[in-house]
There are 2 protein chains.
Amino acid sequence: MIIDCHGHYTTAPKALEDWRNRQIAGIKDPAAKPKPAELKISDDELRESIESNQLKLMKQRGSDLTIFSPRASFMAHHIGDFGVSSTWAAICNELCFRVSQLLPDHFIPAAMLPQSPGVDPKTCIPELVKCVEQYGNVGINLNPDPSGGHWKEPPLSDRHWYPIYEKMVEYDIPAMIHVSTSCNACFHTTGAHYLNADTTAFMQCLTADLFKDFPTLRFIIPHGGGAVPYHWGRFRGLAQELKKPLLKDHLLNNIFFDTCVYHQPGIDLLTKVIPVDNILFASEMIGAVRGIDPETGNYYDDTRRYIEAAAIKPEQRKQIYEGNARRVFPRLDAALKARGR
Amino acid sequence: MIIDCHGHYTTAPKALEDWRNRQIAGIKDPAAKPKPAELKISDDELRESIESNQLKLMKQRGSDLTIFSPRASFMAHHIGDFGVSSTWAAICNELCFRVSQLLPDHFIPAAMLPQSPGVDPKTCIPELVKCVEQYGNVGINLNPDPSGGHWKEPPLSDRHWYPIYEKMVEYDIPAMIHVSTSCNACFHTTGAHYLNADTTAFMQCLTADLFKDFPTLRFIIPHGGGAVPYHWGRFRGLAQELKKPLLKDHLLNNIFFDTCVYHQPGIDLLTKVIPVDNILFASEMIGAVRGIDPETGNYYDDTRRYIEAAAIKPEQRKQIYEGNARRVFPRLDAALKARGR
């Protein structure tokens, strides 16, 4: 089985965006604020939006199951206050849940959180509990910078975030560390902010001892780990300067990288440098880079091709495709086993 | 000849740091403010600080000449106002100039600028002019984020920066795009902020048409280009989505990467993905990562070893070591030729 651990609902029916725009307008003009019930998307519309997009490509490319979360760039936690984020997260998570109910063989949900800049992360717990207990979510997306490119929250190693981590440990779910849209003109969202956040999150963990407090806490750093594998020598050397243990002992029981790296040399480096147990297959398909690479004739985000061509053994490929995802997402493994998969 | 295009004076005598600390204290307590003349460092002290450090390692490792600029993390443009930065830059640039006079066969200077957050970059021009015309500087370091991790200036493509670019074009000197110390707790200086800035700078150029306005402007993006070469497919794809030309036409006449990547697989990727004409040898030695890699027994920052081992042709290696630096830094080439080198 091939599990894609990084899929977002980037193709939701336009009604969702329209509702969101009305919600945003309602921040300044309360009379314009829509009710959640005013958003109406039928099961047929949901199914159509997936079957003609993600599911079609999954079948073409040969992946079986996607861990599916709300569109990352639309989380936009910097917009409005906790109430705005809370209503928006509930709507987006419900849609991903419905997709997982309509197409249970192919999608299982991961939750966005109703984060808001400067607001205590423990306010996210009720949504998290609902998503795990009622919606069967197997993971969450945690935004280390809800300010959207201004980086005003404490580092991920700070006790600020511990309420989330305590709940993650209790449920045995991992978090993908994923920022949202940048509202800082310096940072292009998918070309700079996403990759910077990946590198930043890794280094926040490297300088701290977070995983001593939470030995079973697990983070997935997306987009192939930002700059980290390319600079693995730098990070090993920095850990050494800081008198930290070897990275494999200090971080690699808890940190995993996905394969959203959109060319063969990048995947070759990733699979060469990072232990195979720490790599999870992913494509983030129909995401930041949707085109066809003129150098190969294939979609940039058809990452399975790169994994197939990487110089790794068949059993390592199986780890990347399936085994690691089952280990890092135990609730996914349990859900699959309950269905005999 | 082997030219290291990225060296900082990280080993300056302690008197420099002491003077700077007094300068910083003087921001709040003007009575404590030291005069520049109170900093006394003899030629012997300068020579000793270099001969026992950078020059010793250059000889051991076989590099001949270093383009030498003030310590990047000490630029700290976020501290104080323009006056503070101006005095500090003048002192630091003078020291690098003196090093280049004392050891002219091995060091040639590049200048830091007296940038200050929110201050018009044109205020940097007098220091730049002095450094080029009187001190023989062959390039500058330009900080795209003088706020130190808060990213409050406009992107590098903004007209805000044009006064610097106009002078660079007039003198035909390149800029290394190099941030300084992060004062944002989210970003570790050398493990996150430096690499993030590299990626950010590249993407700022990708989304814009800066090099249409300045066809001869040249930037060196240090630290192997941050995350860029590892994600080269992503950046090619983003350029395609944005209807920009191919990266080789859009950016690679103007943007160059150094080789400060501290392990073999990283350099292998860099030399595979980025055209050899766009790679300049560098080590940033005695910098962020000073230790010995237990996996190889060699210094992490002994980047020559990685270039020697890379699967490139001898003439390509020569380009990386020498030819590209002479082309990107024409004033370096002229200075060398004037000395018959």
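Chain pair B, A: how much accessible area is buried, both chains summed, with a 1.4 Å probe, in Å² to 100?
4600
What trypsin sites (Lys or Arg not before Pro) does segment B:146-211 have in DSSP loop regions with at most 16 other beta carbons within 10 Å?
B:Lys152
Could you tell me which trypsin sites (Lys or Arg not before Pro) in segment A:1-41 are loop residues by DSSP with no more than 16 other beta carbons within 10 angstrom of their beta carbon?
When the trypsin sites (Lys or Arg not before Pro) of segment A:1-41 are filtered for loop state and at most 16 Cβ neighbours within 10 Å, A:Lys40 remain.
For peptide A:199-209, what's the mean number of Cβ atoms from other chains within 10 Å of each residue's Cβ?
4
Taking Rh as the Kirkwood radius, which is the inverse of the mean 1/r over Cα pairs, what is the Rg/Rh value for the protein assembly as shown?
In the protein assembly as shown, Rg relative to Rh is 0.98.
I'd like the distance between the alpha-carbon centres of segment B:254-303 and segment A:280-341, rounded to an integer number of Å.
First find each Cα centre; the distance between them is then 30 Å.
For A:Met1, go 7 angstrom from Cα along the Cα-to-Cβ vector, then report the distances to that same point in the other copies in nm, smallest first.
6.3
Give a quick list of trypsin sites (Lys or Arg not before Pro) in segment A:241-320 that DSSP marks as loop, anything other than H, G, I, E or B, with at most 13 other Cβ atoms within 10 Å.
A:Lys243
Counting only C-alpha contacts under 8 Å and six or more residues apart, can you give the relative contact order of chain B as a whole percent?
It comes to 16 percent, rounded to a whole number.
Could you sort out which of A:Lys59/A:Lys130; B:Lys14/B:Lys56; A:Lys243/B:Lys14; B:Lys167/B:Lys212; A:Lys14/A:Lys167; B:Lys35/B:Lys130 sit more than 22 Å apart by Cα distance in this structure?
Pairs exceeding 22 Å: A:Lys59/A:Lys130; A:Lys243/B:Lys14; A:Lys14/A:Lys167.
How many nanometers, to one decimal and shortest first, lie between the label point of A:Asp43 and those of its other copies, if labels sit 7 Å from Cα toward Cβ?
Distances to the matching label points in the other copies: 8.9 nm.
Expressed as a whole number of Å, what is the distance separating the alpha-carbon centroids of segment B:94-149 and segment A:13-70?
One Cα centre to the other: 52 Å.
Projecting each Cα onto the charge dipole of chain A (Lys/Arg +1, Asp/Glu -1 at the beta carbon, about the Cα centre), which of A:His193, A:Leu142, A:Thr216 comes out farthest on the positive side?
A:Thr216
Per 10 Å bin, what percent of the C-alpha pairs of chain A does each bin hold, from zero upward?
Each 10 Å bin holds this share of Cα pairs: 5, 27, 37, 24, 7, 1, 0.
Taking only DSSP H segments of four or more residues, each worth -39500 (n - 2.57), what value at 222 nm results for the protein assembly as shown once the sum is divided by all its residues, to the nearest 500 deg cm²/dmol?
Calculated mean residue ellipticity at 222 nm is -12000 deg cm²/dmol.
With every protein chain left in place and a probe of 1.4 Å, what is the accessible surface of B:Asp120, to the nearest 10 Å²?
Its heavy atoms expose roughly 70 Å² to the probe.
Ordered shortest first, which distances in nm separate the 7 Å Cα→C-beta label point of B:Phe214 from those of the other copies?
4.4
Where the accessible area of segment A:264-336 is counted over protein heavy atoms with a 1.4 Å probe, how much of it, in %, is carbon and sulfur?
52
The values are calculated or read from the model by the stated rules, or taken from the named source; none is laboratory data. Given the structure is predicted, the values throughout are model-derived calculations rather than measurements. Reconstructed Cβ throughout: ideal geometry from the backbone, glycine too, with neighbour counts over all protein chains shown. Accessible surface areas use protein heavy atoms only, side chains included; no ligands, DNA or RNA. Shrake-Rupley method; radii C 1.70, N 1.55, O 1.52, S 1.80 Å.
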